[in-house]
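The structure under discussion appears below in the form of structure tokens.
The values are calculated or read from the model by the stated rules, or taken from the named source; none is laboratory data. In this text, all values refer to a predicted model and were calculated from it rather than measured experimentally. Here the Cβ is made from the backbone with ideal geometry for all residues, glycine too, and neighbour counts use every protein chain on show. Just so you know, the surface numbers come from the protein's heavy atoms only, side chains and all, with ligands and any DNA or RNA stripped out. Shrake-Rupley method; radii C 1.70, N 1.55, O 1.52, S 1.80 Å.
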Amino acid sequence: MTGADTAQVVLRLDRITKRFGALTANDAVSLDLRRGEVVALLGENGAGKTTLMNILFGQYTADEGQVMVMGRALPPGNPRAALEAGVGMVHQHFTLADNLTVLDNVTLGTEPLWRWRSDTAAARAKIAKLSADFHLAVDPDARVGSLTVGERQRVEILKALYREARILILDEPTAVLTPQETDDLFATLREAVAKGLSIVFISHKLHEVMDIAHRVVILHHGKVVAEMATTDTDRHALAAAMVGSEVSAPRVAPGTPGAPLLQLHAVTTPDQGSAPGLKSVTLSLRAGQITGLAGVSGNGQAALADLIAGLSVPASGRLDLGEADLAQWSPRAAVEHGIARIPEDRHKTGTIADFSLTENAILESYHKPPMSRAGWMNWPRAEAETQAIIKGYDIRCPGPDTRIRLLSGGNMQKLILGRVLEANPCIILANQPVRGLDIGAVNYVHEQLLKARDRGAAVLLISEDLDEIMALSDVIHVMSEGRLSPEFARGTMTPAALGVWMAGHGFDEGLAHAS
Amino acid sequence: MDIFDILLSASFWAAAIRIASPLIFATLGELICERAGVLNLGIEGIMVAGAFAGWMAVYSGLGLWPGVAVAMVVGMGFGAVHSLLTVPFGLSQHVVGLGVTLLATSSTYYAYRLALPEVTSPPKIMAFKPWEIPLLSDIPLIGPALFSQTPLTYLAFILVGVVSLVLYRTPLGLALRAAGENPAAVAAQGLSVTGLRMGAVIVGSGLMAVGGAFLTMSAFDSFFFEMVNGRGWICIALVVFGAWKPGKALLGAVLFAAFDALQIRVQQTPLGADIPYQIFLMTPYVLSILALIVMSRRAEVPAALMVAFNKGER
């Protein structure tokens with residue numbers, strides 16, 4: 001697509017260095033982006049990708065080095081400079097206001113503040129033209145809050161294009177999309193590149209990088225460790241360069257399913273605001289088996305997780321835990337029945353940020369012996385237990401008294417894993433267990449889940465990452481709008497086939513089939 | 001029936017509009033602050049300070065309109081204190097707001113004692129006189145109610161339109177609303193969230209003070225400490241009642257004022273003789289609470305209301 005060397009360099013990061021105290025977040029990072037080119041910026045969490053982008057957008061000032069756009073140096077520390085020079089950024093967490101319309105969000109900040117009227121007619125016309133040119137269909141008068149995640153991302157891209165961006169920076173753009181939405185996004189990006197735009201694609205999904213990028217720049221510990229054309233490399237080499245050593249994903253042998261430990265019979269729960277409840281869901285989790293639950297987030301996974309964790313009760317249908325039906329269903333009852341939970345959001349519901357590791361480690365067991373007796377805490381015992389978890393799960397921290405807020409996501413997750421697995425649970429509810437973790441930590445978490453499975457636990461793995469689901473699960477279900485697909489055995493489904501279910505197709509036929 | 005007679009009398013509606021005027025100013029002020037994402041609980045104290053400042057300025061020899069300007073500037077000063085603490089410093093908006101109310105109320109008391117050390121009953125000023133609008137004021141019922149008011153009342157109604165236009169039709173209004181919905185989106189466009197929010201609080205506080213000044217310069221002609229009497233808190237409820245929209249907030253203010261005017265009049269009917277007067281005093285508040293429950297259930301609260309914004313934090 002590009003005549004490589006001869007093409008014009010539109011963005012040049014020249015030996016950017018940024019230090020935070022003793023930590024060097026970017027160490028003489030250089031990057032060239034040419035017209036009509038897609039460069040992938042690849043790296044684990046903490047590799048320095050975000051810092052680099054914050055320097056480009058003037059949120060931080062670099063200690064050394066400079067940013068050149070179209071051959072002109074950007075003044076450091078000025079957020080408007082990059083925008084005005086034609087650089088647009090689509091953040092991983094969208095910067096959209098939900099209660100405003102698409103039109104409002106797109107035009108925000110594009111007109112001088114001090115004028116008496118906004119020129120909405122011209123704005124509408126421009127949005128309509130951009131939508132048509134780049135296949136970005138959105139209704140300009142829709143409230144952003146009512147759009148799907150894929151549509152919101154289109155609004156973000158529209159925002160950048162509306163500002164005449166010639167360079168697009170996309171931070172983990174596919175993290176929240178279905179495979180089909182990802183395909184649509186890639187179609188739009190190819191269109192943009194064909195029209196002469198240049199793209200920096202930040203990601204850690206190797207196959208997408210191989211798919212869309214012309215070149216890959218790999219950051220590791222703040223340094224550029226490798227730069228290569230995608231035509232000259234493969235996923236394995238990329239992964240190796242990214243973590244600094246050959247990655248070894250855990251080898252997954254099929255599980256040996258045993259008796260069902262938890263069963264749902266036609267369970268329905270009420271909708272929670274815009275999040276759907278369960279619609280007549282029948283599911284059984286068997287011992288020694290990982291059940292994968294795929295689906296775009298917000299399609300009822302939260303309702304299912306809440307139900308199993310004891311946070312809600314079925315409105316109709318039955319929850320069956322092997323023994324008798326349950327009269328009293330609550331989080332504590334769930335824990336007492338051997339259900340362990342790795343919550344979706346480790347910051348919000350998994351840990352208490354300002355509590356120590358010890359206090360966090362006993363959140364589910366503090367109320368009973370040996371952690372407390374007759375209403376008194378047994379702190380020495382709790383601390384010994386925490387020390388054991390720190391050692392057994394290789395948690396990097398100064399000690400059990402450290403506030404958990406200070407730990408990295410990976411280490412925090414390891415503590416939660418330790419808390420969960422040390423109780424020898426028979427059912428493990430793992431909701432997005434590796435979200436935001438780097439490859440090393442991901443592999444570790446997966447190994448532990450597999451170990452628990454081989455020990456005879458039933459694992460429910462909820463994830464938006466199809467690769468993860470397909471690699472680990474013995475059986476797979478897909479959720480869409482609160483409905484649960486039939487069970488698919490390992491290896492019987494392709495990502496595209498699962499994507500069809502994730503988009504909500506196939507349920508009616510599926511139901512007809514079942515009856 | 002007595003109540004129908006009251007509802008059909010021009011003097012009742014004239015009173016309702018008069019009672020509504022200070023509420024309109026202060027509600028608009030609070031609405032601007034909250035739309036930008038800042039809850040301003042300094043409103044009650046700022047209204048007291050504005051009532052005093054405007055009245056004192058006129059008493060010391062300034063004209064009526066310069067007096068209104070003085071009240072506005074004093075309000076903006078307290079707004080500056082509030083916004084400095086809540087926006088760049090990101091302190092709790094509840095605590096700062098109540099602090100500003102206490103500060104403004106007590107410094108008003110202090111200034112009053114300094115200015116008039118030996119006065120037992122506060123002096124009177126020449127307050128605003130009604131402007132009869134030619135032709136329109138001759139319309140039966142509506143004329144005396146709407147078009148025989150003081151100029152500050154007209155200004156309050158005009159401001160509702162102005163604030164609406166600015167919020168919904170100008171780039172500045174869009175930026176302001178976005179600052180109250182998702183400040184990160186504003187910052188990502190290179191606009192200053194701090195500047196927008198501080199500006200909104202300062203201007204909003206100025207309007208609150210004018211609302212206070214209406215009491216001493218238009219509704220009455222003198223200053224008493226108890227005269228604001230919780231109107232600031234009512235305005236905070238009116239913002240919610242109006243679902244953060246100027247037009248609906250105006251409706252709410254007039255409705256509340258009408259209840260208030262009505263209860264005074266019903267007290268004087270034979271019905272009022274049998275019922276303790278406190279029941280009547282209570283009715284506007286009870287009805288407001290009921291209306292609030294009905295009206296605000298589906299209101300869209302600005303998503304970033306009371307959320308401090310720190311650049312660089314995620």
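Only one residue in B:Ser164, B:Ser148 is under 17 Å from B:Ser11 (Cβ atoms) and touching a Pro at 6+ places or on another chain (Cβ under 9 Å). Which one? Steps first, answer last, please.
On the way: B:Ser164 fails: under 17 Å from B:Ser11 (Cβ atoms).
Among B:Ser164, B:Ser148, only B:Ser148 is under 17 Å from B:Ser11 (Cβ atoms) and touching a Pro at 6+ places or on another chain (Cβ under 9 Å).
Do we find that A:Lys129 is among the basic types (Lys, Arg) and either surrounded by fewer than 14 Cβ atoms within 10 Å (Cβ to Cβ) or more than 14 Å from chain B (Cβ to nearest Cβ) (or both) in this structure? I'd like the intermediate steps shown before the answer.
Details: among the basic types (Lys, Arg): yes; either surrounded by fewer than 14 Cβ atoms within 10 Å (Cβ to Cβ) or more than 14 Å from chain B (Cβ to nearest Cβ) (or both): yes.
Against the criterion (among the basic types (Lys, Arg) and either surrounded by fewer than 14 Cβ atoms within 10 Å (Cβ to Cβ) or more than 14 Å from chain B (Cβ to nearest Cβ) (or both)), A:Lys129 qualifies.
Go through (1) within 30 Å of A:Asn360 (Cα to Cα); (2) open to solvent by 20 Å² or more (accessible area, probe 1.4 Å); (3) not hydroxyl-bearing (Ser, Thr, Tyr) one by one and return the number of the condition A:Ile427 breaks.
(2)
Of the residues A:Lys391, A:Lys414, A:Lys368, A:Lys348, only one is of a type in the set (Lys, Arg) and either buried (at least 18 other Cβ atoms within 10 Å of the Cβ) or part of a strand (DSSP E or B) (or both); which? First the steps, then the outcome.
Numbers: A:Lys391 fails: either buried (at least 18 other Cβ atoms within 10 Å of the Cβ) or part of a strand (DSSP E or B) (or both); A:Lys368 fails: either buried (at least 18 other Cβ atoms within 10 Å of the Cβ) or part of a strand (DSSP E or B) (or both); A:Lys348 fails: either buried (at least 18 other Cβ atoms within 10 Å of the Cβ) or part of a strand (DSSP E or B) (or both).
Going through A:Lys391, A:Lys414, A:Lys368, A:Lys348 in turn, just one is of a type in the set (Lys, Arg) and either buried (at least 18 other Cβ atoms within 10 Å of the Cβ) or part of a strand (DSSP E or B) (or both): A:Lys414.
Looking at segment A:85-102, I want the residues that are within 27 Å of B:Tyr168 (Cβ to Cβ) and facing chain B (nearest Cβ under 7 Å) and have a partner that is buried (at least 20 other Cβ atoms within 10 Å of the Cβ) and among the β-branched types (Val, Ile, Thr) with Cβ atoms under 8 Å, at least 6 apart or on another chain. Which pairs are those?
Taking only residues 6 or more apart or on different chains, the pairs are A:Leu96/A:Val144; A:Leu96/A:Val155; A:Ala97/A:Val144; A:Asp98/A:Val144; A:Asn99/A:Val144; A:Leu100/A:Val144.
Please list, ordered by first then second residue, the pairs with beta carbon atoms under 7 Å, 6 or more apart or interchain, first in segment B:164-176 and more than 9 Å from chain A (Cβ to nearest Cβ) and within 19 Å of B:Val239 (Cα to Cα), second open to solvent by 10 Å² or more (accessible area, probe 1.4 Å) and of a type in the set (Gly, Ala, Ser).
B:Ser164/B:Gly247
If you take the residues in segment A:295-328 that are among the hydrophobic types (A, V, I, L, M, F, W, C) and at pLDDT below 85, which one is farthest from A:Cys426 (Cα to Cα)?
To start, the set of residues in segment A:295-328 that are among the hydrophobic types (A, V, I, L, M, F, W, C) comprises A:296, A:302-305, A:307-309, A:311, A:313, A:315, A:319, A:321, A:324, A:326-327.
Subsequent filtering for residues that are at pLDDT below 85 retains A:296, A:321, A:324, A:326-327.
On the way: A:Val296: 27, A:Leu321: 11, A:Ala324: 17, A:Leu326: 17, A:Ala327: 20 Å.
The qualifying residue farthest from A:Cys426 (Cα to Cα) is A:Val296.
So, of the residues in segment B:194-216 that are open to solvent by 10 Å² or more (accessible area, probe 1.4 Å) and β-branched (Val, Ile, Thr), which turns out to be farthest from the other protein chains (Cβ to nearest Cβ)? Write out each step before concluding.
Restricting attention to segment B:194-216, the residues satisfying the condition of being open to solvent by 10 Å² or more (accessible area, probe 1.4 Å) are B:194-196, B:198-199, B:202-203, B:207.
So of that shortlist, the ones also β-branched (Val, Ile, Thr) come out as B:194, B:202-203.
Details: B:Thr194: 13, B:Ile202: 16, B:Val203: 14 Å.
My answer is B:Ile202.
Return the total of residues in segment B:1-48 being under 30 Å from B:Leu271 (Cβ atoms), of a type in the set (Asp, Glu) and in contact with a Cys (Cβ under 9 Å, 6 or more places away or on another chain).
Result for segment B:1-48: 0.
Of the numbered conditions (1) within 8 Å of chain B (Cβ to nearest Cβ); (2) touching an Asp or Glu at 6+ places or on another chain (Cβ under 9 Å), A:Gly48 fails exactly one; give the number of that condition.
(1)
Cβ-Cβ below 6 Å, separation at least six or inter-chain, first residue in segment A:20-36 and closer than 23 Å to A:Leu197 by Cα, second of a type in the set (S, T, N, Q): which pairs?
A:Leu33/A:Ser198; A:Arg34/A:Thr2; A:Arg35/A:Gln8; A:Arg35/A:Ser198; A:Gly36/A:Thr2
Need a quick list: helices (runs of 4 or more DSSP H) entirely within segment B:145-220 having at least 2 residues that are under 30 Å from B:Gly90 (Cβ atoms) and over 19 Å from the mean Cα position of the chain (by Cα). Walk me through how you get there before you give the answer.
Details: elements: B:151-169, B:171-181, B:183-188, B:193-214.
Result: B:171-181, B:183-188, B:193-214.
Which of the residues belonging to segment B:269-314 are within 14 Å of chain A (Cβ to nearest Cβ) and either among the acidic types (Asp, Glu) or open to solvent by 80 Å² or more (accessible area, probe 1.4 Å) (or both)?
In the first step, residues of segment B:269-314 are kept if they are within 14 Å of chain A (Cβ to nearest Cβ); the result is B:297-305, B:307, B:309-314.
Matches in segment B:269-314: B:Arg297, B:Arg298, B:Glu300, B:Lys311, B:Glu313, B:Arg314.
Name the one entry in A:Arg152, A:Arg117, A:Arg80 that is within 25 Å of the chain's Cα centre (by Cα), open to solvent by 50 Å² or more (accessible area, probe 1.4 Å) and either touching a residue at least 60 places away in the same chain (Cβ under 8 Å) or within 12 Å of another protein chain (Cβ to nearest Cβ) (or both). Explain how you work it out, then say what you get.
Details: A:Arg117 fails: within 25 Å of the chain's Cα centre (by Cα); A:Arg80 fails: within 25 Å of the chain's Cα centre (by Cα).
Just a single option satisfies the conditions, and that option is A:Arg152.
What single numbered condition from (1) part of a helix (DSSP H, G or I); (2) within 20 Å of the chain's Cα centre (by Cα) fails to hold for B:Leu305?
Checking B:Leu305 against (1) part of a helix (DSSP H, G or I); (2) within 20 Å of the chain's Cα centre (by Cα), the one that fails is (1).
Identify, please: which residue in segment A:177-223 is open to solvent by 50 Å² or more (accessible area, probe 1.4 Å) and among the hydrophobic types (A, V, I, L, M, F, W, C) and is, among those, nearest to the chain's Cα centre (by Cα)?
My answer is A:Met210.
Taking the stated definitions as given, is A:Ala287 touching a residue at least 60 places away in the same chain (Cβ under 8 Å) and surrounded by 16 or more Cβ atoms within 10 Å (Cβ to Cβ)? So that I can check it myself, show each step before the final result.
Working: touching a residue at least 60 places away in the same chain (Cβ under 8 Å): yes; surrounded by 16 or more Cβ atoms within 10 Å (Cβ to Cβ): yes.
So A:Ala287 fits the description; yes.
Residue-wise test of (1) within 30 Å of A:Ala240 (Cα to Cα); (2) of a type in the set (Phe, Trp, Tyr); (3) modelled with pLDDT under 85.
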residue: A:Leu13; (1), (2), (3): yes, no, no
residue: A:Asn26; (1), (2), (3): yes, no, no
residue: A:Gly58; (1), (2), (3): no, no, yes
residue: A:Val69; (1), (2), (3): no, no, no
residue: A:Asn78; (1), (2), (3): no, no, yes
residue: A:Ala85; (1), (2), (3): no, no, no
residue: A:Gln92; (1), (2), (3): yes, no, yes
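Among the numbered criteria (1) buried (at least 20 other Cβ atoms within 10 Å of the Cβ); (2) more than 25 Å from the chain's Cα centre (by Cα); (3) more than 14 Å from chain B (Cβ to nearest Cβ), which single criterion is violated by A:Leu108?
Looking at each condition in turn, A:Leu108 falls short on (3).
Select, from B:Ala219, B:Ala185, B:Ala156, B:Ala145, the only residue that is within 14 Å of chain A (Cβ to nearest Cβ) and among the hydrophobic types (A, V, I, L, M, F, W, C).
Numbers: B:Ala219 fails: within 14 Å of chain A (Cβ to nearest Cβ); B:Ala156 fails: within 14 Å of chain A (Cβ to nearest Cβ); B:Ala145 fails: within 14 Å of chain A (Cβ to nearest Cβ).
Just a single option satisfies the conditions, and that option is B:Ala185.
How many residues does segment A:437-483 contain that are part of a helix (DSSP H, G or I) and open to solvent by less than 10 Å² (accessible area, probe 1.4 Å)?
The qualifying residues number 6.
Can you tell me which of (1) more than 8 Å from chain B (Cβ to nearest Cβ); (2) open to solvent by less than 50 Å² (accessible area, probe 1.4 Å); (3) over 30 Å from A:Ser274 (Cα atoms) is the one A:Pro140 doesn't meet?
(3)
Would you pick out the residues in segment B:218-248 that are closer than 22 Å to B:Ser106 by Cβ and open to solvent by less than 10 Å² (accessible area, probe 1.4 Å)?
Hits for segment B:218-248 are B:Ser222, B:Phe223, B:Val228, B:Gly232, B:Cys235.
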